[in-house]
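Heads up, the thing below is written out as structure tokens.
The values are calculated or read from the model by the stated rules, or taken from the named source; none is laboratory data. Quick caveat: nothing in here was measured; it's all calculated off a predicted structure. Note that each Cβ is placed from the backbone with ideal geometry, even for glycine, and that neighbours are counted across all protein chains shown.
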Amino acid sequence: MTPPPPVAEAASNESSYPIYVGFWERLAATLLDSLMLMCITVPLTLLVFGIDAILENDALILGPLDVVINYLLPFILIILFWHYKSATPGKMVLRAVIVDADTLQKPSTTSLIVRYLGYIPSTLVLGLGYLWVAFDPRKQSWHDKLAGTLVIRAPKD
């Protein structure tokens, strides 16, 4: 009878699931998502307001329709992607999904909304909420911590 393998060897044979998605991959996914959203919002904004109104106006927000196009529409699209696909298109390209931090299952819609709204403090404090991913053991941003979510590598099919 052979003795069991040493603990270190046994641990190295175990699956390391979940695999947390780190800062640089999440940044790449965000850049892809931002480009895709801009392909929708910029033409709509130009169509509604025209180039002259945008270039000649110093206002940060051009009115209620601007809020709908540039704030509400992205909010709805992102929440829908998170809810139905557990990822935005940028995360899908990288095989990353958003899961509940405790169960590793699909988060509730409430958690997803909290996660999105958590972008505000993550951004306002000099972007530290996003940089936190680089130093957190589970690669959680502040908005992940607020919502109780993780971004992990999707299991292979």
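Tabulated results
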item	result
Tyr71, sole failed condition from (1) closer than 23 Å to Pro107 by Cα; (2) surrounded by 15 or more Cβ atoms within 10 Å (Cβ to Cβ)	(2)
Restricting the range 12-36 to residues that are at pLDDT 95 or above and polar (S, T, N, Q), the residue that is farthest from Trp132 (Cα to Cα)	Ser34
Residues of the range 88-104 satisfying the condition of being aliphatic (A, V, I, L, M) and at positive phi	Leu104
Residue under evaluation Leu112, criteria (1) within 15 Å of Lys85 (Cα to Cα); (2) touching a Lys or Arg at 6+ places or on another chain (Cβ under 7 Å), criterion not met	(2)
Residue selected from the range 39-97 under the condition among the small types (Gly, Ala, Ser) and in a loop (DSSP other than H, G, I, E, B), by the criterion nearest to the chain's Cα centre (by Cα)	Ala87
Filter result for Thr123 (free of Cβ contacts under 8 Å to residues at least 40 places away in the same chain, among the hydroxyl-bearing types (Ser, Thr, Tyr), closer than 13 Å to Thr30 by Cβ and surrounded by fewer than 19 Cβ atoms within 10 Å (Cβ to Cβ))	yes
Near pairs, Cβ below 9 angstrom, 6+ apart or cross-chain, from the range 31-47 (within 12 Å of Asn70 (Cα to Cα)) to any residue that is of a type in the set (D, E, K, R) and assigned to a helix (DSSP H, G or I)	Thr45/Asp66
